[in-house]
Amino acid sequence: MIGPMRILVINPNISDSVTALIGSEAARSASPGTELTLRTAPFGVAYIETRFEAMVGAYAAANVAAEHAAGHDAVIVAAFGDPGLAALREVLPMPVLGLTESALASACLLGPRFSIIAISQRIQAWYREVVQANGLEGRLASIRALDRPLARIDGIQEDHTEALLALCERAVAEDGADVLILAGAPLAGLARQLAGRLPVPVVDGVSSAVRQAEMLHGLQPGTARRGSMAPPPAKPHQGLPPALAALLETAQARGASA
């Protein structure tokens, strides 16, 4: 019998207040006995909305994973857009999940077409590329986003809930969305508040990732030794932080023994 699991939840941006939002929703979603370890990136930006910021967030997430993933049964990259997700899957021996991929998987189980509700206009191009990378552009009804200054990244739900609700209603009425995805860690938990006020299912990335991590832990599917998710081949490296170098070397050794 498989016992309780431990999940490392990494916020790839520097906002501790957003990590607190993520942690609250993760705790509400987790099964009894599941242990959550929350970590915030030690460097980077307040919130990620561009490709360059995602690159920085991916490196920050890799460093946090290198330092803290040992002893956990799954890792969650807790930023919509999943910065560094595929790369971490190559080097970590446990399942690695992201908010976008998990939310998309949940949405696809609930209806044929989904809309993404985002916190900024700038973020839309990157999100669209992430949907394309997941092979689901044909099921994307729309991406709608706030078009106003954000005074506090941790205050979006408090300051903009009605505007977000209006975007959701337009996505259903005008874009034909069968499911709504509330995108981004700063919106963690908002789906619970809006679900009863909207005529279609509403999906949250944090809760989706936590529940899917538990599902994968229960399935015990094994780890990749071949294919594109296999560990990277051994080769020289230099200048990496010690924990990151150790993670890479351990993954290389695991691949060499496969």
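The values are calculated or read from the model by the stated rules, or taken from the named source; none is laboratory data. Predicted model only: the values in this text are computed from it and were never measured. Every residue, glycine as well, gets a Cβ built from its backbone with ideal geometry; the counts of neighbours run over all protein chains shown. When the accessible area is computed, the model is the full protein with side chains, heavy atoms only, and any ligands, DNA or RNA have been set aside. Shrake-Rupley method; radii C 1.70, N 1.55, O 1.52, S 1.80 Å.
Annotation: residue 116 fulfils all but one of (1) closer than 27 Å to residue 17 by Cα; (2) in contact (Cβ under 8 Å) with a residue 60 or more places away in the chain; (3) surrounded by fewer than 23 Cβ atoms within 10 Å (Cβ to Cβ); the unmet one is (3). The residues of segment 130-140 that are under 13 Å from residue 81 (Cα atoms), in contact (Cβ under 8 Å) with a residue 24 or more places away in the chain and open to solvent by 40 Å² or more (accessible area, probe 1.4 Å) amount to a single one, 134. Would you please list the contacts, defined by Cβ atoms under 6 Å and residues six or more apart or on different chains, that run from a residue in segment 1-15 that is under 13 Å from residue 71 (Cβ atoms) to a residue that is open to solvent by 10 Å² or more (accessible area, probe 1.4 Å) and among the hydrophobic types (A, V, I, L, M, F, W, C)? Going by the 6 Å Cβ cut-off, the qualifying pairs are 7/36. In segment 175-202, what count of residues is obtained for those that are over 17 Å from residue 141 (Cβ atoms) and either in contact (Cβ under 8 Å) with a residue 40 or more places away in the chain or not in a helix (DSSP H, G or I) (or both)? The qualifying residues number 7.
When segment 1-19 is filtered for residues that are of a type outside the set (Val, Ile, Thr) and more than 15 Å from the chain's Cα centre (by Cα), the ones remaining, listed by number, are 1, 3, 4, 5, 6, 15, 16, 17. For segment 221-244, the criterion of being touching a helix residue (DSSP H, G or I) at 6+ places or on another chain (Cβ under 7 Å), in a helix (DSSP H, G or I) and farther than 25 Å from residue 157 by Cβ is met by at least one residue. Looking for whichever is open to solvent by 10 Å² or more (accessible area, probe 1.4 Å) and within 12 Å of the chain's Cα centre (by Cα) here; the options are 62, 86. Which one fits? Result: 86 is the single residue among 62, 86 that is open to solvent by 10 Å² or more (accessible area, probe 1.4 Å) and within 12 Å of the chain's Cα centre (by Cα).
Taken together, the residues in segment 229-245 that are free of Cβ contacts under 8 Å to residues at least 12 places away in the same chain and under 21 Å from the mean Cα position of the chain (by Cα) amount to 0. Only one entry in 212, 220 is within 18 Å of residue 73 (Cα to Cα) and either touching a Pro at 6+ places or on another chain (Cβ under 7 Å) or surrounded by 17 or more Cβ atoms within 10 Å (Cβ to Cβ) (or both), namely 212.
Within segment 35-67, can you find the residues that are among the hydroxyl-bearing types (Ser, Thr, Tyr) and touching a Ser or Thr at 6+ places or on another chain (Cβ under 7 Å)? Matches in segment 35-67: 40, 47.
Note on segment 4-38: among residues that are aliphatic (A, V, I, L, M) and assigned to a helix (DSSP H, G or I), the one that is farthest from residue 157 (Cα to Cα) is 27.
Among the residues of segment 141-162, how many are open to solvent by 20 Å² or more (accessible area, probe 1.4 Å) and among the hydrophobic types (A, V, I, L, M, F, W, C)? Going through segment 141-162 one residue at a time, the tally reaches 4. Kindly indicate whether residue 219 is free of Cβ contacts under 8 Å to residues at least 12 places away in the same chain and under 21 Å from the mean Cα position of the chain (by Cα). It is true that residue 219 is free of Cβ contacts under 8 Å to residues at least 12 places away in the same chain and under 21 Å from the mean Cα position of the chain (by Cα). Spot the failing condition for residue 108; the list is (1) surrounded by fewer than 16 Cβ atoms within 10 Å (Cβ to Cβ); (2) in the same structural domain as residue 143 (by the TED database), and only one is missed. Looking at each condition in turn, residue 108 falls short on (1).
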